Amino acid sequence: MALIHIDPVPPRCTPGAVLAFVCNRTKLDGKLVGKIAFVGRGATVEVPDARATSIVAALDGATFNEKPVRARFAGKGDFTDADHFGNLSNLLDLEAKAEQEEARRRAQAEEGSPLGDGSTLTALVLRDSEFGLGGRLLLTFGRKALGEALPPSRLGPGSPVVISQTNVNRRVPSYRGVVYDRDVATIGVAIDPPDDELPDDATWRLDLSPDEVSRLRQQDALRRAAAADGDRLAELRAALLGEREPRWGEDPTPQPPPPGGEGESEREILQTRSDSGGLTPPSFLGKGVGGLGSSPLNAPQRAAIEFALSAKDFAIIHGPPGTGKTTTVVEFIRAAVANGDTVLACAPSNHAVDNLLEKLLAAGELPVRLGHPARVVPELRERAIDLLAEKHPDARQARKVARDAFALFRRADKWTRAKPEPGEKAALRKAARDLLAEARKLEALAVERVLDEARVVCATLTGLDSQLLGQRRYDVVVIDEACQSTEPANWVPLLRANKLVLAGDHCQLPPTIISPEAAERGLAVSLMERLVGRFGPGVARLLTVQHRMHSAIMGFSNAEFYGEQLVAHESVAGHRLCDLPGVTPDPLTETPVQFIDTAGASYDEELEEDTGSRRNVQEAALAVKKVRALLALGVLPTQIGVITPYRAQVRLLRERLADAPGVEIDSVDGFQGREKEAIIVSLVRSNPEGEIGFLADTRRTNVALTRARRKLLVIGDSATLANDTFYQRMLTYFEQIGATSSVWEEVE
């Protein structure tokens with residue numbers, strides 16, 4: 001028998017009610033159902049192995065006592081008939097173990113040290129509480145002494161936390177929430193309204209909560225995908241695993257146009273395709289779009305959209321740096337909606353989802369954003385599902401009912417005169433809980449109305465909740481930044497997909513994996529990268545016109561990663577810093593690329609005490625000098641970025657440039673998807689052994705080298721770097737374009 005888990009079940013639910021729910025929804029003979037047990041707010045049910053997958057699919061998102069429930073497998077199950085999914089499941093377990101060990105390591109570190117915990121805040125008092133953010137209770141915590149600063153921590157807006165009371169000897173409830181605000185002396189947390197009021201005189205602690213829900217959703221998606229039979233999920237699985245060739249519409253193999261910008265060649269390409277009966281995008285695709293100024297979509301972007309529209313199973317949009325990948329994704333979504341499709345648009349992080357949402361809004365679409373409002377940037381919260389539902393008449397009535405409920409709670413807890421009649425307090429609390437249940441039912445109805453009307457829904461990959469979405473499916477699932485997510489995460493939205501479109505660049509950052517073993521065994525290979533490796537370029541369309549970089553900045557990455565197929569648009573091909581208003585012409589601002597070689601100058605790397613991260617003090621000093629020179633020449637602080645692969649170097653540079661607010665200093669990961677007019681890259685590694693560490697992940701270097709628009713300045717030790725063939729080619733490129741200079745030339 002297979003074990004499945006259903007949650008939440010109604011309060012005071014009986015095994016008979018659970019049995020009736022399961023049998024009515026799945027047409028399963030009750031005699032075939034085994035043991036039913038209640039665990040927390042849910043129930044586990046034994047069902048026949050042969051029917052388990054179809055039962056979970058039928059129950060997940062179904063309505064039980066007027067409320068959608070989640071249904072999933074309670075265990076990993078048997079993956080022996082689907083080795084690919086079994087391997088992914090095992091790798092997820094390895095990664096979870098590594099995350100737990102990392103959390104323990106941080107927790108054991110001394111508080112306040114560079115390795116300090118940072119995941120806990122203690123000795124807090126509740127300063128304020130109010131309703132907001134979609135009916136949630138907003139709690140503001142601070143120290144007992146008003147205005148006392150909170151210690152540094154990793155708890156910031158969007159962090160999941162557990163709130164616990166610490167000044168009691170008995171067991172009391174803890175509450176899960178999300179940080180929605182943080183300043184020097186206070187931290188705000190949004191929680192679902194509790195059944196009882198929180199005590200005013202309590203002392204509290206906040207703990208960063210591991211995202212166990214995300215892992216469980218991925219494991220369940222893998223098992224459902226592995227066992228799918230006779231449905232659309234099974235068909236998609238066959239295509240994505242290469243068991244059959246992917247299918248296309250009338251124009252199965254539209255070829256990308258030759259590299260180039262706007263002009264006659266584009267018109268000829270599009271006219272040829274239209275004359276041949278290929279799919280023609282809606283007319284608005286020729287209009288100006290965000291990120292490309294007033295120019296229309298270029299030919300490669302249009303070809304990618306046509307290609308994705310023609311796909312029956314899946315398609316890939318390959319977007320190198322600066323080629324307008326997200327813009328292309330947005331226009332594809334608009335085209336799909338114009339064709340009558342519903343779209344689920346996903347990305348691996350809240351930041352990436354918000355970026356997609358912002359561009360969709362700018363293009364005139366009105367998507368609905370799923371997820372906790374605290375994880376959405378304030379400027380976009382008006383599109384969050386909870387806040388949209390809050391405007392519905394049902395939600396307004398729900399707030400009134402909730403206020404009445406909490407008024408009853410206060411009455412039950414604040415008797416001042418005569419002793420209450422026996423059972424009177426309990427009756428008031430019961431009436432309050434009943435009112436809260438009614439309020440939540442009204443809120444759920446408002447959410448249903450919003451989702452029913454939405455043509456585009458935006459969410460993180462693992463933020464899809466069946467209790468919210470019910471059993472909704474979508475004509476198209478789009479995954480942006482697909483190469484930054486692990487494959488198991490992609491299968492969560494695939495459970496709801498009729499068709500998949502992936503967009504990203506497998507030549508840039510891979511997913512972040514903590515477990516070296518899991519990464520080595522394949523968890524770091526995204527679904528998009530695997531599909532390109534399995535099927536080749538025939539399932540993808542490459543965007544070839546880049547609108548960011550000077551052609552010299554683009555040159556090395558173009559040759560190394562993109563087969564010389566990229567072309568710098570004429571508007572950026574020759575632009576320089578000295579062309580910006582207020583910037584003084586100078587060799588530093590007139591040249592687009594510069595490599596400063598520190599070989600032989602004793603710019604030696606060192607380990608940062610306590611952290612084990614690496615830094616290079618002399619190299620940092622040179623980077624700071626160049627930043628100050630750019631500022632003196634009129635380049636604005638917000639136009640300058642400094643990138644380095646090591647956190648210790650990031651800390652050192654931020655300390656040295658603390659008096660230059662606006663200059664952004666971060667790791668390679670922090671700059672993914674970003675750009676600046678001028679970028680300084682500090683490579684750090686300089687040692688007699690020629691060791692380059694994780695600089696060997698050349699995709700990270702590709703990201704660092706392609707963030708600059710008008711000026712790229714790289715600082716590094718050629719003697720160390722040249723031990724790797726990739727960096728040999730990079731150094732050769734810099735020499736060929738006359739961009740190499742020695743650090744000795746920088747000495748005044």
Unique residue being touching a residue at least 24 places away in the same chain (Cβ under 8 Å) and touching a Cys at 6+ places or on another chain (Cβ under 7 Å) when the list is ARG709, ARG699, ARG674: ARG699
Filter result for ARG136 (of a type in the set (D, E, K, R), within 25 Å of the chain's Cα centre (by Cα), at pLDDT below 80 and at negative phi): yes
Tally, over segment 632-646, of residues that are surrounded by fewer than 17 Cβ atoms within 10 Å (Cβ to Cβ) and outside any loop (DSSP other than H, G, I, E, B): 3
Residues within segment 364-389 that are at positive phi and crowded, with 20+ Cβ neighbours inside 10 Å, tallied: 1
Residue that is most open to solvent (accessible area, probe 1.4 Å), among those in segment 446-496 that are touching a Pro at 6+ places or on another chain (Cβ under 6 Å) and assigned to a helix (DSSP H, G or I): GLN484
Counted residues, segment 669-686 - those being within 30 Å of THR327 (Cβ to Cβ) and either open to solvent by less than 10 Å² (accessible area, probe 1.4 Å) or in a loop (DSSP other than H, G, I, E, B) (or both): 9
Which numbered condition ARG182 misses (of (1) open to solvent by less than 40 Å² (accessible area, probe 1.4 Å); (2) modelled with pLDDT of 80 or more): (1)
Of all residues making up segment 600-618, the number that are outside any loop (DSSP other than H, G, I, E, B), surrounded by 13 or more Cβ atoms within 10 Å (Cβ to Cβ) and not charged (D, E, K, R): 2
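If I ask for residues that are surrounded by fewer than 17 Cβ atoms within 10 Å (Cβ to Cβ) and modelled with pLDDT of 80 or more, which ones from segment 143-157 would you list?
So the first thing to find is which residues in segment 143-157 are surrounded by fewer than 17 Cβ atoms within 10 Å (Cβ to Cβ), and the list is 144-149, 151-152, 154, 156.
Once the filter is applied, which keeps residues that are surrounded by fewer than 17 Cβ atoms within 10 Å (Cβ to Cβ) and modelled with pLDDT of 80 or more, segment 143-157 yields LYS144, ALA145, LEU146, GLY147, GLU148, ALA149, PRO151.
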Scan of segment 608-635 for residues that are without any contact (Cβ under 8 Å) to a residue 40 or more places away in the chain and among the aliphatic types (A, V, I, L, M), ordered by number: VAL617, ALA621, VAL624, LEU631, ALA632
When residues of segment 463-486 are limited to those that are more than 11 Å from the chain's Cα centre (by Cα) and among the charged types (D, E, K, R), the one nearest to ASN498 (Cα to Cα): ASP475
Strands (runs of 3 or more DSSP E) contained entirely in segment 20-74, each with at least 2 residues that are closer than 21 Å to GLN218 by Cα and not β-branched (Val, Ile, Thr): 42-47, 70-73
Residue within segment 371-383 that is over 20 Å from the mean Cα position of the chain (by Cα), modelled with pLDDT of 75 or more, assigned to a helix (DSSP H, G or I) and not acidic (Asp, Glu) present: no
Filter result (over 19 Å from the mean Cα position of the chain (by Cα) and assigned to a loop (DSSP other than H, G, I, E, B)) within segment 350-368: ALA363, GLY364, GLU365, LEU366
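In the set PRO173, PRO160, PRO210, which member is open to solvent by 30 Å² or more (accessible area, probe 1.4 Å), more than 15 Å from LEU124 (Cβ to Cβ) and at pLDDT 80 or above? Spell out how you get there, then give the answer.
Details: PRO173 fails: at pLDDT 80 or above; PRO210 fails: at pLDDT 80 or above.
Only one candidate qualifies: PRO160.
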Options ARG707, ARG729: the member that is in contact with a strand residue (DSSP E or B) (Cβ under 8 Å, 6 or more places away or on another chain) and modelled with pLDDT of 95 or more: ARG707
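On the basis of being modelled with pLDDT of 95 or more, out of contact with any Leu (no Cβ under 6 Å at 6 or more places or on another chain) and within 21 Å of ARG70 (Cβ to Cβ), does ALA489 make the cut? Give the steps one after another, and end with the answer.
Values: modelled with pLDDT of 95 or more: yes; out of contact with any Leu (no Cβ under 6 Å at 6 or more places or on another chain): no; within 21 Å of ARG70 (Cβ to Cβ): yes.
In short, no.
Have a look at ALA658, ALA708, ALA629 and point out the one that is out of contact with any Leu (no Cβ under 8 Å at 6 or more places or on another chain) and surrounded by fewer than 19 Cβ atoms within 10 Å (Cβ to Cβ). Even if it seems obvious, please write down each step before you answer.
Values: ALA708 fails: surrounded by fewer than 19 Cβ atoms within 10 Å (Cβ to Cβ); ALA629 fails: out of contact with any Leu (no Cβ under 8 Å at 6 or more places or on another chain).
Exactly one of ALA658, ALA708, ALA629 is out of contact with any Leu (no Cβ under 8 Å at 6 or more places or on another chain) and surrounded by fewer than 19 Cβ atoms within 10 Å (Cβ to Cβ), namely ALA658.
With the structure loaded, tell me whether ALA345 is among the aliphatic types (A, V, I, L, M) and touching a strand residue (DSSP E or B) at 6+ places or on another chain (Cβ under 9 Å) or whether it fails that test. Full working, then the answer.
Numbers: among the aliphatic types (A, V, I, L, M): yes; touching a strand residue (DSSP E or B) at 6+ places or on another chain (Cβ under 9 Å): yes.
So ALA345 fits the description; yes.
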Near pairs, Cβ below 7 angstrom, 6+ apart or cross-chain, from segment 65-90 (at pLDDT below 85) to any residue that is not in a helix (DSSP H, G or I): ASN65/PRO10; ALA74/LEU3; ALA74/ILE4; ALA74/HIS5; ALA74/THR44; GLY75/LEU3; GLY77/ALA2
Qualifying residue in segment 450-457 (condition: modelled with pLDDT of 95 or more and under 27 Å from ARG674 (Cβ atoms)): yes
Residue satisfying all of: in segment 51-65; β-branched (Val, Ile, Thr) and open to solvent by 20 Å² or more (accessible area, probe 1.4 Å); nearest to MET1 (Cα to Cα) among these: THR53
Residues being open to solvent by less than 40 Å² (accessible area, probe 1.4 Å), of a type in the set (Gly, Ala, Ser) and under 29 Å from the mean Cα position of the chain (by Cα) - total across segment 687-705: 1
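Take the conditions under 12 Å from ASP480 (Cα atoms) and either modelled with pLDDT under 95 or open to solvent by less than 10 Å² (accessible area, probe 1.4 Å) (or both) and apply them to ALA335. Does it pass?
On the way: under 12 Å from ASP480 (Cα atoms): no; either modelled with pLDDT under 95 or open to solvent by less than 10 Å² (accessible area, probe 1.4 Å) (or both): yes.
Considered against the rule, which asks whether it is under 12 Å from ASP480 (Cα atoms) and either modelled with pLDDT under 95 or open to solvent by less than 10 Å² (accessible area, probe 1.4 Å) (or both), ALA335 comes out as no.
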Selected residue (criterion: farthest from ILE305 (Cα to Cα)) from residues of segment 338-349 that are within 16 Å of the chain's Cα centre (by Cα) and open to solvent by 30 Å² or more (accessible area, probe 1.4 Å): SER349
Count of residues meeting criterion [outside any helix (DSSP H, G or I) and buried (at least 24 other Cβ atoms within 10 Å of the Cβ)] in segment 542-567: 6
Residue in segment 10-33 that is in contact (Cβ under 8 Å) with a residue 60 or more places away in the chain and buried (at least 17 other Cβ atoms within 10 Å of the Cβ) present: no
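The values are calculated or read from the model by the stated rules, or taken from the named source; none is laboratory data. Quick caveat: nothing in here was measured; it's all calculated off a predicted structure. Note that each Cβ is placed from the backbone with ideal geometry, even for glycine, and that neighbours are counted across all protein chains shown. Surface accessibility is based on the protein's heavy atoms, side chains included, excluding ligands, DNA and RNA. Shrake-Rupley method; radii C 1.70, N 1.55, O 1.52, S 1.80 Å.
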